[in-house]
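Colleague: Here it is, the structure, as structure tokens.
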Amino acid sequence: RASPATTVARAPERARSSPRRNPDGRMPLREHIRELRTRVLWSALGIVVGAVGGWFVYPWLVDVLQAPLVDLAARRGELVALNFAGVAAPLDVQIMLALFVGVLVSSPWWIYQLWAFVTPGLTSRERRTTLAVVGAAVPLFLAGAALAWWLLPAAVEILIGFTPQDAVNVIDAQAYLGFVVRLVLAFGLAFLLPVVMVALAAVGLVGARTWLAGWRWAVLLSFVFAAVATPTGDVVSMLALGVPICGLYFGAVGVFALVDRR
């Protein structure tokens with residue numbers, strides 16, 4: 001049996017283990033900030049763990065990422081190759097690609113941390129709904145990244161095609177691989193748009209009619225984002241990203257209609 005002194009000593013420990021709440025059940029601002037810091041730290045830790053694996057697969061990953069350049073050089077009979085400018089450039093590139101792999105591999109983990117940060121302010125029904133949304137967020141993010149990977153060879157061929165005749169194209173490795181990383185992450189994050197929309201509808205902040213009324217702006221902004229996110233600027237790449245975003249938008253509106261009916 002614990003003594004009174006032991007009970008008093010353990011009280012602050014219990015208070016630290018669970019977030020403090022106001023009498024109305026809401027979490028104070030200070031606790032929100034502390035919870036956000038915790039979730040960000042856990043997300044960063046997951047990315048670092050994934051980056052450790054990315055560090056060891058770096059040689060294979062570099063070969064895969066520069067394969068479009070190698071194939072293009074073989075078809076055109078021209079010099080198209082990566083150039084590591086600087087003594088520290090290989091190390092910088094390896095760290096960047098390791099973190100890139102960490103973001104992709106740990107996407108289920110940091111998406112869950114985002115959900116865990118939001119759930120304290122939701123009811124039990126809203127938590128179940130948002131948990132289903134998080135379950136859809138991971139495959140959507142990976143689908144967007146896969147679409148960017150599929151478009152990469154075409155994007156490289158279009159951009160390299162502007163090289164004048166009798167000229168060589170020695171590409172800075174940091175610039176090229178940074179371009180690939182931004183392209184893949186931009187596509188992945190774009191595919192998370194319907195997840196955010198469904199989450200806002202699930203908690204009752206935005207209704208289906210509101211989203212449906214703004215469909216013209218949604219289509220316009222989808223293609224504007226596609227034009228900016230696709231570095232080639234060609235119509236095929238823009239449609240390859242803009243059309244799926246519009247499809248996901250209207251699919252999310254259909255989910256909203258079901259949520260509103262319930």
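The values are calculated or read from the model by the stated rules, or taken from the named source; none is laboratory data. All of these numbers come straight from a predicted model, not from anything done at the bench. Ideal geometry is used to build each Cβ from the backbone, glycine not excepted, and the neighbour counts take in all protein chains shown.
Table: residues versus (1) over 23 Å from ASN83 (Cα atoms); (2) modelled with pLDDT of 75 or more.
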residue	(1), (2)
PRO139	yes, yes
ALA145	yes, yes
VAL180	no, yes
LEU189	yes, yes
VAL206	yes, no
ALA240	yes, no
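Colleague: Among the candidates VAL133, VAL93, VAL87, VAL118, single out the residue that is crowded, with 19+ Cβ neighbours inside 10 Å and modelled with pLDDT under 85. Working first, answer last.
Modeller: Working: VAL93 fails: modelled with pLDDT under 85; VAL87 fails: crowded, with 19+ Cβ neighbours inside 10 Å; VAL118 fails: crowded, with 19+ Cβ neighbours inside 10 Å.
After ruling out the rest, the residue left standing is VAL133.
Colleague: State the number of residues belonging to the stretch 166-197 that are free of Cβ contacts under 8 Å to residues at least 12 places away in the same chain and farther than 24 Å from SER107 by Cα.
Modeller: Adding up the residues that qualify gives 3.
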